[in-house]
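K.L.:
Below is the structure I would like to discuss, written out as structure tokens.
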Amino acid sequence: MPIDIENDDIKTALKKLQSRENILHKLETISRLGSWEIDLKTKESTCSDMSYEIYGIPKGTPVNLELFFSVLLPEYKKNVQTLFQNAIQSGEHISYQCQVIHTSGKCIDVLISGQVVYDEELKASKLLGTTQDITKQVATKTQAQELSHVMQYSSNEIYIISAETLKYLYVNQGACDALGYNESELLKMHVKNINPKLTDKEILKIRSFLEHQDYILNRTLHKCQDSSTYYVQSYLHKITYQNAPAYVLFDTDVSEIIQLELQYKKQAKVLEYIHDSVISTDKNGLITNWNKGSTTLFEYSEEEIVGKSIAEIYDTDNKYTFEELFIILNTQGNLDIEAYMLKQNSPRIICDLSLSVSRDENDSVDGYIGYIQDITAQKKTEKLLKQQTELLQKQAHYDILTGLPNRALFKDRLSQAIISSKRNNAKFALFFIDLDQFKQINDSLGHHIGDEVLIQAAKRLNSVIREEDTLARLGGDEFTIILKDLQSMQSTSMVAKKIVDIMKEPIQIRTHSLYVTASIGISIYPQNATSDDNLIKFADVAMYKAKDAGRNNFQFYSADMTSQAFEGIVLESSLCLAIKEEQFLVYYQPQYDTKTDKIIGMEALVRWNHPTMGLIPPLNFIPLAEETGLIIEIDRLVMSIAMKQFSLWYKQGFNPGVLSLNLAMKQLNEENFLTILLDTMKTIAFKTEWLELEVTEGQVMKNPESSILKLNQIHDLGIEIAIDDFGTGYSSLSYLKKLPLDKIKIDCAFIKDIPEDEDDMAITKAIIALGKSLNLKLIAEGVETQEQKNFLMQNGCELVQGYLYSPPLPAEEIQKVLQN
């Protein structure tokens, strides 16, 4: 927002300047563009944060021209010095691409731009400029050039043709060499110029085929400049080229293959008429020739069948009727299919049919020829072989005892996890698990009992992990788990702790109560290793650390990671103590009516006042509280503190409006939640009309039916219900209209980039329109600027919450606001 010199006071002007500076800083970060200023008199320089980051120089380091020139690669130094001198003398804008040495030792590409600024005496006083890190752009351009070179000089013929005109837009050198034309000649041609057998009808057929899928593979004939021809195998794929639909073709000369196939067919045809059934019909399907092989196969003599329709031996359950087969044959000349055929006195059989068209001297269809083989036994054998193959595949990749993936499949899954995590810049954990005391059970009670223990252990381990994770048995009492999409070290330790806890429960095998614990070693990709062998080795090493530490525990590969993993457990213990000692504070963020700028309510927000660490923000402990279930007790504590404070304010004559409390689904699902809520309100003398409960969209939709039932019970008491973070979850409108809602809270994710982001503006308008159509109140959170407020008011959302009016404040600060 521009500064109004006449109307803005200093505070407002400074705020606007700060806002503009923040925006410029964000723009520099996004574009990797750093700015700098050189005093031509002192030779000293001033750089933005991004400039320091680009060069790898610590922020605040004094910078001068000598330091700048020192990081240039030697081959650029003289040119840049000359360029700077020319810029100082001429005053012209300069722009130069070069390479510098980052403090990390890497060589990076930069684009330097600058211009001289003159003082009042028209003397060059400063050189202002920017440095942009263009390493990625340069690398992308280089890669594109390399790929273009590979395509151009590929031995295959590569063409790009316009989908509309079917004219050539690109041909590589391989195409020119094969056809005998130069590039300019081919770029003037239509695809039919070199494909003599390509008819308009065939083109329509190909276009129709490509409407349903992106590519097609076929054979076609190419005609060279010297009129010679050759066959090619053509792979055609739909693409966009030069902003228009196009096809790319990769053609390979298969003339020799075609010749071999023709020779093979001739040889096979001789054998066809010696063996098996050969039948010919007229163009109406009446049998005209019937060999001895046909009599043997179908049990009809030649006298019995000749002159009758082929339908006598062709089953009606086939994919095509015989009339449809003739139509297909008339179009393409030949056809190979499998079909059910009928014998005279026996069950139907499965046959392999090789069909072709017979033509007269005028090239008109006068009949059909069929070569028929009984493959019923072969099909039975294939089915049996398939079943055996599937069984062997399972035995090759799965442990027979537990049904879990075996070592071979585990190694494959681990390799896939590495590839996937590398591509998505993700982490995963590898657990190496060894059962303690298992050898003693095997030795004392026998392998049959040991096997039962392994089966039960596998079931317990499987119950802890998610569907997308992999549990495998390597052999003996060793198991592994690939825990994918690792979010935090704490979540990994939580899973490990669950395994330790579940494994130490007694296993009942017949009359024996057996105690088997687990020692677990954990390695992390990519922190510990990026290869499968090292990940396994490091997890194995960590498992032995667990053994050395007394068994029945888990260890991360490094001591540092072990301590980090235990931070979550320490934090959980600290949370329990914080609840017991009531270390939590409640902050209140006012909600305003923009028409009157009056407070209409407040949202209660929790803060943890740790005795040694000070105020801990919610993001650092709420996720763990939700994961462990401690959120229920924290929410109860916040509810009690906030209700007491609101009741006190009303007694003192203030009007704080409606108290908005966040309601976790775990708390709502507690059987005694309503009882506790009503008892608390009664004890504090807190009225139901003072209360609004906020539920998040994502949590409600996890179990919408149950949520609707319980929220209706709350709503019937006169307590308002608001849906928080609206638009960020996976809501269903059919459920949304069933919820007893009074208010929709528009998430700050859609507000923060207004008015710059048109998509966010459109989404916000849609949410407002939806809320109004459902007769719901609307409030927008995260409102920080006047422009955002104006936009919301113009579109019918008059209730807001955000830093434009007030940040979350403790009760004593809020009371001052209420007094004004």
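K.L.:
Extending each Cα 7 Å along its Cβ direction at Ile203 and Ser513, get the distance between those two points in nm, one decimal.
P.N.:
Once both label points are built, they end up 8.5 nm from each other.
K.L.:
Ok, one more. Given the whole protein assembly as supplied and a 1.4 Å probe, what does the accessible area of Phe646 come to in Å², nearest 10?
P.N.:
Rounded to the nearest 10, the figure is 0 Å².
K.L.:
Starting from the Cα-Cα distance between Lys380 and Asp177, subtract it from 0.36 nm times their residue separation and give me the gain in nm to one decimal.
P.N.:
Roughly 68.0 nm would be gained on extension.
K.L.:
I need the Kirkwood Rh of the stretch 732-820: take the reciprocal of the average 1/r across all distinct C-alpha pairs and report it in angstrom.
P.N.:
Every distinct Cα pair counted, the radius reaches 14.1 Å.
K.L.:
If you line up the Cα atoms of the stretch 139-181 on their principal axes, what length do they span on each, largest first, in Å?
P.N.:
Ordered largest first, the stretch 139-181 gives principal extents of 34, 26, 13 Å.
K.L.:
Collect residues whose amide H, placed 1.01 Å from N in the peptide plane, falls under 5 Å from the amide H of His610; neighbours closer than 5 in sequence don't count.
P.N.:
Leu615, Ile616
K.L.:
Report the semi-axes of the equivalent ellipsoid for the stretch 447-540 in whole Å, largest first, where each axis is √(5λ) for an eigenvalue λ of the Cα gyration tensor.
P.N.:
26, 15, 11
K.L.:
In whole Å, what is the distance between the alpha-carbon centres of the stretch 614-688 and the stretch 213-235?
P.N.:
74 Å
K.L.:
Here's another thing I want to ask about it. Rounded to the nearest 20 debye, what is the charge dipole size of the chain about its Cα centre when +1 sits on each Lys and Arg Cβ and -1 on each Asp and Glu Cβ?
P.N.:
For this selection, approximately 1140 debye.
K.L.:
When only alpha-carbon atoms count, how far does the stretch 378-425 stretch along each of its three principal axes, as whole angstroms with the largest first?
P.N.:
Ordered largest first, the stretch 378-425 gives principal extents of 49, 26, 11 Å.
K.L.:
Mean separation of Cα pairs under 8 Å and 6+ residues apart, divided by the residue count of the stretch 654-704: what relative contact order is that in percent?
P.N.:
For the stretch 654-704, the relative contact order is 58 percent.
K.L.:
Quick one: dipole size for the stretch 325-467, taken about the Cα centre, charges +1 on Lys/Arg Cβ and -1 on Asp/Glu Cβ, in debye to the nearest 20.
P.N.:
Dipole size: approximately 840 debye.
K.L.:
Let me ask something else about it. Consider just the alpha-carbon atoms of the stretch 137-281 and return their Rg together with their Dmax, both in angstrom.
P.N.:
Final numbers for Rg and Dmax: 18.9, 69 Å.
K.L.:
Can I ask one more? Please give the net charge around Gln173, taking every other residue with its beta carbon less than 13 angstrom from that of Gln173, where Lys and Arg add +1 and Asp and Glu add -1.
P.N.:
My count for the surroundings of Gln173 gives -3.
K.L.:
If contacts are Cα pairs under 8 angstrom and at least 6 residues apart, what is the relative contact order of the chain in percent?
P.N.:
RCO, the chain: 5 percent.
K.L.:
Same structure, new question: Pairing the Cα long axis of helix 673-684 with the longest principal axis of the chain, what angle in degrees results, from 0 to 90 and rounded to the nearest 10?
P.N.:
Result, in degrees: 10.
K.L.:
Counting other Cβ atoms within 10 Å, which GluC sites (Glu not before Pro) in the stretch 606-681 have at most 11 and lie in a DSSP loop?
P.N.:
Listed in order of number, the matching sites are Glu671.
K.L.:
What three numbers, in Å, describe the spread of the alpha carbons of the stretch 302-395 along their principal axes, ordered from the longest?
P.N.:
Sorted from largest, the Cα extents of the stretch 302-395 read 61, 32, 19 Å.
K.L.:
Moving on. Would you work out which of Gly403, Ser356, Gln387 lies farthest towards the positive end of the dipole of the stretch 343-443, given +1 charges on the beta-carbon of Lys and Arg and -1 on that of Asp and Glu, about the Cα centre?
P.N.:
Gly403
K.L.:
Grab the other residues whose beta carbon is less than 12 angstrom from that of Arg207, score K and R as +1, D and E as -1, and report the net.
P.N.:
-1
K.L.:
Further question on the same structure: Normalised by the number of residues in the stretch 387-476, what is the relative contact order in percent for Cα pairs under 8 Å and 6+ residues apart?
P.N.:
41 percent
K.L.:
Still on this structure, please answer the following. Counting other Cβ atoms within 10 Å, which GluC sites (Glu not before Pro) in the stretch 459-505 have at most 11 and lie in a DSSP loop?
P.N.:
Passing sites in the stretch 459-505 are Glu467, Glu468.
K.L.:
Tell me the carbon and sulfur percent of the accessible area for the stretch 178-254, rounded to whole percent, probe radius 1.4 Å.
P.N.:
Taking all protein chains in place, the stretch 178-254 shows 51 percent carbon and sulfur surface.
K.L.:
Rank Ser773, Ser48, Ser208 by accessible area, highest first, at a 1.4 Å probe radius?
P.N.:
If we order Ser773, Ser48, Ser208 from most to least accessible, we get Ser773, Ser208, Ser48.
K.L.:
Looking at this model, which pairs from Lys386/Lys422; Lys595/Lys752; Lys427/Lys752; Lys136/Lys427; Lys141/Lys422; Lys743/Lys765 are more than 27 angstrom apart at the alpha-carbon?
P.N.:
In this structure, Lys386/Lys422; Lys427/Lys752 lie more than 27 Å apart at Cα.
K.L.:
Something else about it: Going by Cα centres, the stretch 317-376 and the stretch 458-502 are how many Å apart?
P.N.:
57 Å
K.L.:
Any chance you could look up the accessible area of Asp725 with a 1.4 Å probe, heavy atoms only, rounded to 10 Å²?
P.N.:
In the full protein context, Asp725 sits at about 50 Å².
K.L.:
Helix-only estimate, please: 222 nm mean residue ellipticity of the chain, summing -39500 (n - 2.57) across DSSP H runs of length 4 or more and dividing by its residues, to the nearest 500.
P.N.:
My calculation for the chain gives -13500 deg cm²/dmol from helical runs alone.
K.L.:
Averaged over every viewing direction, what's the projected area of the C-alpha convex hull for the chain? Give it in nm², one decimal, please.
P.N.:
Its average projected convex-hull area is 58.0 nm².
K.L.:
Return the lysines within reach of Lys380: Cα separation strictly under 19 angstrom, same-chain partners fewer than 8 residues apart disregarded; answer none if there are no such residues.
P.N.:
Lys343
K.L.:
Can you tell me the accessible area per residue over the chain, all protein chains present, probe 1.4 angstrom, in square angstrom?
P.N.:
Per residue, the chain has an accessible area of 55 Å².
K.L.:
While we're here: Using the charge dipole of the chain (Lys, Arg: +1 at Cβ; Asp, Glu: -1 at Cβ; taken about the Cα centre), state which of Thr470, Tyr241, Gly56 has its Cα farthest towards the positive end.
P.N.:
Of the candidates, Thr470 comes out farthest on the positive side.
K.L.:
Per residue Cα convex hull volume for the stretch 564-708, in cubic angstrom?
P.N.:
Per residue, the Cα convex hull of the stretch 564-708 comes to 148 Å³.
K.L.:
Could I ask something else about it? Can you order the peptides 684-696, 55-67, 130-142 by their average number of other Cβ atoms within 10 Å per residue, highest first?
P.N.:
Highest mean packing first, the order is 684-696, 130-142, 55-67.
K.L.:
Something else about it: Net charge around Gln233, counting only other residues with Cβ within less than 13 Å of its Cβ (Lys, Arg = +1; Asp, Glu = -1)?
P.N.:
After counting each charged neighbour, the total is -4.
K.L.:
Right, another one. Give me the dipole magnitude in Debye, nearest 20, for the stretch 102-208 about the Cα centre, with unit charges on the beta carbon: positive for Lys and Arg, negative for Asp and Glu.
P.N.:
Charge dipole, the stretch 102-208, about its Cα centre: 500 debye, nearest 20.
K.L.:
Angle check, please: helix 255-272 long axis (alpha carbons) against the longest principal axis of the chain (alpha carbons), in degrees 0 to 90, nearest 10.
P.N.:
For 255-272 against the chain, the angle is about 50 degrees.
K.L.:
If N is the number of residues in the stretch 112-191, what value comes out of its Cα radius of gyration divided by 2.2 N^0.38 Å?
P.N.:
It is 2.05.
K.L.:
Amide H to amide H, which residues 5 or more places from Ile600 or on other chains are under 5 Å from it, using H placed in the peptide plane?
P.N.:
Counting only residues 5 or more places away or on other chains, the set is Gln591, Tyr592, Asp593.
K.L.:
From the backbone phi of the stretch 651-660, what are the Karplus-calculated ³J(HN,Hα) couplings (6.51 cos²θ - 1.76 cosθ + 1.60, θ = phi - 60°) in whole Hz, Gly and Pro given as x?
P.N.:
5, 7, x, 7, 10, x, x, 9, 7, 9
K.L.:
Would you work out which of Leu711, Phe554, Thr594 lies farthest towards the positive end of the dipole of the chain, given +1 charges on the beta-carbon of Lys and Arg and -1 on that of Asp and Glu, about the Cα centre?
P.N.:
Most positive-ward Cα: Phe554.
K.L.:
What do you get for the angle between helix 407-424 and the principal long axis of the chain? Use alpha-carbon atoms, 0 to 90 degrees, nearest ten.
P.N.:
That helix lies at roughly 60 degrees to the long axis.
The values are calculated or read from the model by the stated rules, or taken from the named source; none is laboratory data. None of these values were measured; they are calculated from a predicted model. Virtual Cβ from ideal backbone geometry, glycine too; neighbours counted across all protein chains shown. Only protein heavy atoms, including side chains, enter the accessible area calculation; ligands, DNA and RNA are left aside. Shrake-Rupley method; radii C 1.70, N 1.55, O 1.52, S 1.80 Å.
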